[in-house]
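First the structure, in the form of structure tokens, and then the observations on it.
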Amino acid sequence: MKKHTRKGMNPALAALSRRHEEYSLIRAAGKANLILTLMVLHDKFGFGQKRCERFIEEYRKQLEAYNEGYVESVRDFEEVLKDEMGIEVQL
């Protein structure tokens, strides 16, 4: 008698689904981080709409440079902050 087995999801499709889920989570975390940053800039440092919009534009440029490989890793950003301002980000 032939044994019936249920076939799972195509491995390539499963990997694509995982990547999509990971991308969605990363995107949501990035959006939350940007929102929190804008709130601090507005509430604590008096940034208005125009300054916040300029910040968003520059933030996106840095993110684009990172995503396109112009910046090798986040560590590069960390080194610039440490070297130029003496700031080390600890979470």
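Values in this text are rule-based calculations from the coordinates and carry no lab data. Not measured: the values here are computed from a predicted model. All Cβ positions, glycine included, derive from the backbone under ideal geometry; neighbour counts span all protein chains shown.
Miscellaneous remarks
- Here r is the Cβ-Cβ distance between Asp83 and Glu58 and R0 is 22 Å; the resulting FRET efficiency, rounded to 0.05, is 0.70.
- For the chain, leaving out every one of the trypsin sites (Lys or Arg not before Pro) that falls in a DSSP loop and has at most 15 other Cβ atoms within 10 Å, the longest unbroken run is 8-91.
- Surrounding net charge for Gly86, when Lys and Arg each add one and Asp and Glu each subtract one, Cβ distance under 15 Å: -4
- Environment charge of Leu36, counting only residues whose C-beta is closer than 12 Å and scoring Lys/Arg +1, Asp/Glu -1: +1
- Computed from point charges on the beta carbon alone (+1 for Lys and Arg, -1 for Asp and Glu), the dipole magnitude for segment 1-87 about its Cα centre is near 1000 Debye.
- Dipole of segment 1-72 [Lys/Arg +1, Asp/Glu -1 at C-beta], most positive-end residue of Asn67, Val40, Ser24: Ser24
- With at most 11 other Cβ atoms within 10 Å, longest stretch of the chain clear of loop GluC sites (Glu not before Pro) (DSSP): 1-67
- Among Ala12, Ala65, Ala28, residue whose mean-square fluctuation peaks in a GNM of the chain (springs only between Cα atoms under 10 Å): Ala12
- Summarised as an ellipsoid, the chain has semi-axes of 41, 18, 12 Å, derived from the eigenvalues of the Cα gyration tensor scaled by 5 and square-rooted, with the largest first.
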